[in-house]
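Input: a single structure, listed below in structure tokens.
The values are calculated or read from the model by the stated rules, or taken from the named source; none is laboratory data. Note that the structure is predicted; figures quoted are calculated from it, not measured. Positions of Cβ are backbone-derived with ideal geometry, glycine not excepted, and every protein chain shown enters the neighbour counts.
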Amino acid sequence: MNSFIKIINLIDNGIRNILNFLLVFLVLDVCWQVITRFVLPEPSSYTEEIARFLLIWIGLLGAAHAYRQSMHLGIDYFVAKLAPATQKNIRLLVLLLCAVFAISVFIIGGINLALITLELKQQSAALGIKMGYVYLVLPITGCLILLYTVELLINTLRCPSGTLRTQDDSIN
């Protein structure tokens, strides 16, 4: 189990580093866009598209990272009012639904979308890159969310009913 947690921590640290790099690249790209538009005589034609694609990747990978940290939006006001055993059962149900969503929408849907756009040779207008590569972030995010859900399921099953942490506990 410890090796599983170490691997997940390693993956999560890698995702955090990738997100930091993408964010720095996004800031530099937008700064260059502003400079070329307002200072230089000819605006850059590709910076807006790069910014859009970076935002997609940052948003989706960031959502997976936030999910593992329990920093995502969660409404647990009413669940907190229930008995501890019921809270644990509801948490297990929610985690299973998250796994189903990650598999069906992100992984299966994302792979289908990426493959279809690669097969149809759909390219971006300014950069000319295949859109399937942009859409690959969907199955990557789905795999991360599924991996993190497995970790949360194991932690929830191993945890006694009265000691479940809520999102508020992790913030404080």
Pick from region 99-145 the residues that are surrounded by fewer than 19 Cβ atoms within 10 Å (Cβ to Cβ) and hydroxyl-bearing (Ser, Thr, Tyr): which of them is farthest from residue 47 (Cα to Cα)? 104
Within region 42-141, helices (runs of 4 or more DSSP H) holding 1 or more residues that are in contact with an Asp or Glu (Cβ under 6 Å, 6 or more places away or on another chain): 47-68
For residue 85, which of the numbered conditions (1) surrounded by 15 or more Cβ atoms within 10 Å (Cβ to Cβ); (2) touching a Ser or Thr at 6+ places or on another chain (Cβ under 6 Å); (3) in contact (Cβ under 8 Å) with a residue 12 or more places away in the chain fails to hold? (1)
In region 162-172, residue modelled with the lowest pLDDT [restricted to those that are loosely packed, with under 14 Cβ neighbours inside 10 Å and assigned to a helix (DSSP H, G or I)]: 171
Within region 22-36, restricting to residues that are in contact with a helix residue (DSSP H, G or I) (Cβ under 7 Å, 6 or more places away or on another chain) and among the aliphatic types (A, V, I, L, M), the one that is surrounded by the fewest Cβ atoms within 10 Å (Cβ to Cβ) is 23
